[in-house]
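Trainee: Here you go, one structure.
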Amino acid sequence: MTLYDVALAPFVEYGFMRRALVACLGLSLSSGIIGTLLVLRRMSLMGDALAHAILPGAALGFLIGGFWLPALTLGGLAAGLVVALLAGAVTRTTRVREDASLGATYPIALAFGVLVISLNGSTIDLMHLLFGSILAVDDMALFLVAGIATVTLLVMATVYRPLVLECFDPGFLAALGGGGAMYHQLFLGLTVLNLIAGFQALGTLMTVGLMILPAVAATFWAREIGSLALIATSIAATSGLVGLLISFHIDVPSGPAIILAAGAVFVLSVLLGPHADLSRRLRPQTTRLDPT
Amino acid sequence: MTALTLQRVTVRYGAYPAIEDVSGVFGQGALIAVVGPNGAGKSTLLKSIAGVAEIADGSISFSGADRRVLAYLPQKADIGSNFPISVRDVVAAGLWRRYGAFRCITAHANAEISDALGTVGLLGFEARTIGSLSAGQLQRVLFARLMLQDAGVILLDEPFNGIDAKTTADLFGLIRRWHKERRTILCALHDLEQVREHFPSTLLLARRIVAWGDTDMALSPANLLRARSLLESWDPPAPRSKAWA
């Protein structure tokens, strides 16, 4: 088996593999920076919660239109944005922290979503919505992914400065007259959009993996936001490629294969990355005075 | 000339008053230490002036201008000191008034940033990330940012906590320079020696104003004792910081 057979032939010979790869690359483009900021803002779990929150909306869309993309997308988008706004409002008006309020919302969303799908669909439909079907993405889904990546990168380029400042030193931005809450909500909105983009391909339960895993892995390789985002994007794209190939050659579901590829990069980064505390700890300690 | 007037300012966290009924006038060019036991409301007072803490009662007014003339350096704990951001980007935030969220940072601004870094003794540190700095160096960076803010009123919250002596001395030099430039400076401190050495006047706080005026007068043993007992009448005794023992 040549390298061509292993790495190129599947994409040359099969249209569905090409489309899946393009979808992965599109997702990687914008999820790199979104994931990096989620991690920096200590919001990785919130990303997870928002991903779950998409499900009931998508489920209602599914009730109306089946697997028709606009219904799924609009439903998921509406549900995701409502939960993002609600969580923000609950946090501002009560003493519940945002992660706690999201943690309280998303089991409800997940349960409701599963219930709605079960009312009118089969177990296979449920599996599709939960875990995605990247090998079945059509042109409309590709345009959606590409469009969301474009919008995300443009908006991020515009609000990058206040977003980073609000993240690094919220007190400073507040003393300057604020706007912090607005940028925060905008960022949550972009996060929901990107989860929607990934939802068709990877499903509600795994789309957040392609966002968070590469971003966390990147923190072991770089120390500056720009490079973090670039590395995260590269890791996500590579995971997409490798995951698709693995799924093609040994015939396993592609969504989990992609996420596991990203997981493997994460583990390697923890072990080998120059900024991994672990690799430092495993090296012989010569400077420590008190080796307890 | 008056820079800043407080009228019966009260700030509460829940039902619990952090500062109560604080009134006073800060003249332009005043250099004032804000002193008090732990929990006296020093940080809260600065936060309320900076507009970060919500005022439950009373009012704060700035003469001739609003909060935009103001620069505020919160306590170190509020800042993500391991955040992956370059020194240049942190200092550049000091130019926010001029460049805001969207305008392009010009070559001229970059020169100003480098100058400010030079003034705080960090020439050539532009590309370093915050995580690679010592606590003292990080504080120098934040002072460079303050400098670029070019504010008429400067609020510093415990700026020398856990900072080495050399850095503290250098940064006090910068504070003296701001004082000469007729900027109004309020600085929360717990080290009474530093206060006596560097600040002509002092505001002694224990939720309410205990004393305000000439530093030696404000920090008289009787006043310090009163500040302590005022706070303890509210709370069970908390472990005191060294300066107050």
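The values are calculated or read from the model by the stated rules, or taken from the named source; none is laboratory data. Note that the structure is predicted; figures quoted are calculated from it, not measured. FYI the Cβ positions are ideal-geometry reconstructions off the backbone, even for glycines, and counts take in every protein chain you see. The area values use the complete protein model at the heavy-atom level, side chains included, leaving out ligands, DNA and RNA. Shrake-Rupley method; radii C 1.70, N 1.55, O 1.52, S 1.80 Å.
Trainee: Provide the per residue accessible area, probe 1.4 Å, for the protein assembly as shown, rounded to a whole number of square angstrom.
Mentor: Here the per-residue accessible area is 45 Å².
Trainee: Still on this structure, please answer the following. When only DSSP loop residues count, what trypsin sites (Lys or Arg not before Pro) in the range B:1-110 have their Cβ near at most 14 other Cβ atoms within 10 Å?
Mentor: B:Arg103
Trainee: Let me ask something else. Report the one residue of B:Thr184, A:Ser269, B:Leu46 whose Cα lies farthest in the direction of the positive end of the charge dipole of the protein assembly as shown (charges on C-beta: Lys and Arg +1, Asp and Glu -1; origin at the Cα centre).
Mentor: B:Thr184
Trainee: Take the alpha carbon atoms of the range A:53-81, find their center, do the same for the range B:102-174, and report the distance between the two centers in whole angstrom.
Mentor: Taking the Cα centre of the range B:102-174 as reference, the centre of the range A:53-81 is 50 Å away.
Trainee: For the range A:1-120, with all protein chains present and a 1.4 Å probe, just round the carbon and sulfur fraction of the accessible area to a whole percent.
Mentor: Carbon and sulfur atoms account for 72 percent of the accessible area of the range A:1-120.
Trainee: At q = 0.09, 0.12 Å⁻¹, what is the log10 ratio I(q)/I(0) for the protein assembly as shown, with the Debye formula run over Cα points and no solvent?
Mentor: These q points yield log10 I(q)/I(0) values of -0.78, -1.13.
Trainee: Can you pull out the chymotrypsin sites (Phe, Trp or Tyr not before Pro) in the range B:1-109 whose DSSP state is coil and whose Cβ has at most 14 other Cβ atoms within 10 Å? The partial results should precede the final answer.
Mentor: Details: sites: B:Tyr13, B:Phe26, B:Phe62, B:Tyr72, B:Trp96, B:Tyr99, B:Phe102; in loops: B:Phe102.
Qualifying residues, ordered by number: B:Phe102.
Trainee: In addition: Tell me, what is the FRET efficiency for B:His108 and B:Ser59 to the nearest 0.05, using R0 = 30 angstrom and their Cβ-Cβ distance as r? Don't jump to the answer; show the numbers that get you there.
Mentor: Working: r = 39 Å, r/R0 = 1.28.
With a Förster radius of 30 Å, E is 0.20.
Trainee: Roughly to the nearest percent, how much of the accessible area of the range A:179-264 is carbon and sulfur, given a 1.4 Å probe?
Mentor: Taking all protein chains in place, the range A:179-264 shows 78 percent carbon and sulfur surface.
Trainee: A further question follows. Give me the tail of P(r) for the range B:121-245 as a percent: Cα-Cα pairs with distance above 18 Å.
Mentor: It works out to 60 percent of all Cα pairs.
Trainee: Starting from the Cα gyration tensor of the range A:41-198, multiply each eigenvalue by 5, take the square root, and state the resulting semi-axes largest first in whole Å.
Mentor: Here the semi-axes work out to 30, 19, 10 Å.
Trainee: Summed for both chains, how many Å² of accessible area, to the nearest 100, are buried between A and B with a 1.4 Å probe?
Mentor: Looking at A and B, the buried total is near 2100 Å².
Trainee: Please average, across the residues of B:85-94, the number of beta carbons from any other chain that are within 10 Å of each residue's own beta carbon, and give a whole number.
Mentor: Mean inter-chain Cβ contacts per residue within 10 Å come to 4.
Trainee: What GluC sites (Glu not before Pro) in the range B:180-226 are in a loop by DSSP, with at most 15 other Cβ atoms within 10 Å of the Cβ?
Mentor: B:Glu181
Trainee: Please list, short to long, the whole-number percent of alpha-carbon pairs of chain A in consecutive 5 angstrom bins beginning at zero.
Mentor: Taking all Cα pairs of chain A, the binned fractions are 1, 6, 11, 16, 17, 16, 13, 9, 6, 3, 2, 1, 0, 0 percent.
Trainee: What is the distance, in nm, between label points placed 7 Å from the Cα along the Cα-to-Cβ direction at B:Val25 and at B:Leu225?
Mentor: Spacing of the two 7 Å Cα→Cβ label points: 3.3 nm.
Trainee: Oh, and also: Compute the FRET efficiency between A:Met127 and B:Leu123 as 1/(1 + (r/R0)^6), taking r as their Cβ-Cβ distance and R0 = 41 Å, and round to the nearest 0.05.
Mentor: Once the sixth-power term is evaluated, E becomes 0.10.
Trainee: Suppose we compare each residue of the range A:204-243 in its chain alone and in the full protein complex with a 1.4 Å probe; which ones drop by at least 20 Å² of accessible area?
Mentor: Those residues are A:Arg223, A:Glu224, A:Ile225.
Trainee: Using a 1.4 Å probe over the heavy atoms of the protein chains, calculate the carbon and sulfur portion of the accessible area of the range B:19-116 as a whole percent.
Mentor: Exposed carbon and sulfur together represent 48 percent of the surface.
Trainee: Compute the FRET efficiency between B:Ala169 and A:Ala100 as 1/(1 + (r/R0)^6), taking r as their Cβ-Cβ distance and R0 = 56 Å, and round to the nearest 0.05.
Mentor: Between B:Ala169 and A:Ala100 the formula returns 0.80.
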